[in-house]
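One structure below.
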Amino acid sequence: MDTAAWAPRGLAVLRIMTALLFLEHATVKFLGFPTSMGDGPLPPLIIAAGVIEVVTSLMIIAGFYTRAAAFIASGQMAVAYFMAHAPQSFWPLLNGGESAILFCFVFLYIAVAGPGAWAVDTSRRVVV
C-alpha cells in the first residue's frame, strides 16, 4: 500500500477537523453555543479573537489562502496561551492551556505544509 498517496487527504482531514473545532470557539463567543461565556457584553479583545476565529476557520475549512489563515490562527493561539493560561501556572495541564498549545502547533504545521487535498488553494494552484 502506498501511504504517500494518502498524505494529502490525511492533511486535508486534519485541516478541516481542526478548523471546525476552532470555529466552535467562535460560536461560544457569538452564539452562546454549545455553551455561554456568561452574561453581558463581550470585552473588545474577546470580540477580536472571535472574529479571527470565524474568518480563519472558514478560510482553513475551505482551503482558501490556507497558509496565511493558519499562520494567523497559530499566532492567536500563542497569544491566547501566554495571556490567559501561562499566568495561572507553568504547567499546561494545570493552567488549562493544552488545547491552545495544540491548536497553535497544528495550525503552524498547516501553515508550513499547506492545505493538502480538497482545497480551493489546490484547485487554483495557489502557493500562499
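What follows is calculated from the coordinates using simple rules that are stated; it is not laboratory data. Keep in mind it's a predicted model, so treat the numbers as computed, not measured. So basically every Cβ, Gly included, is an ideal-geometry build from the backbone, and we count neighbours across all protein chains shown.
Some values worked out for this structure:
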item: Per-residue ³J(HN,Hα) for the range 107-123, Karplus 6.51 cos²θ - 1.76 cosθ + 1.60, θ = phi - 60°, Hz, x for Gly and Pro; result: 5, 5, 4, 5, 4, 7, 7, x, x, x, 6, 6, 10, 4, 4, 5, 6
item: On Cα atoms only, tilt of 7-31 relative to the major axis of the chain in degrees; result: 20
item: Sequence-distant residues sharing a close amide H with residue 65 (under 5 Å, placed H); result: 121
item: Alpha carbon centroid spacing (whole Å) that separates the range 66-93 from the range 17-60; result: 15
item: Which of 93, 109, 46, positive extreme of dipole for the chain (C-beta unit charges); result: 109
item: Integer Hz, Karplus 6.51/-1.76/1.60 couplings in order for the range 89-101, x for Gly and Pro; result: 5, 5, 8, x, 4, 7, 9, x, x, 4, 5, 5, 5
item: Simple Cβ-charge dipole of the chain, Lys/Arg +1 and Asp/Glu -1, about Cα centre, in debye nearest 20; result: 360
item: For the chain, calculated [θ]222 nm from helices alone, where every DSSP H run of n ≥ 4 adds -39500 (n - 2.57); result: -21000 deg cm²/dmol
item: Using θ = phi - 60° and Karplus 6.51 cos²θ - 1.76 cosθ + 1.60, couplings along the range 62-70 (whole Hz; Gly, Pro as x); result: 6, x, 10, 6, 4, 4, 5, 5, 5
item: Most to least packed among 59-67, 21-29 [average Cβ atoms within 10 Å]; result: 59-67, 21-29
item: Dimensionless Rg ratio for the chain, taking C-alpha atoms and the 2.2 N^0.38 Å reference; result: 1.13
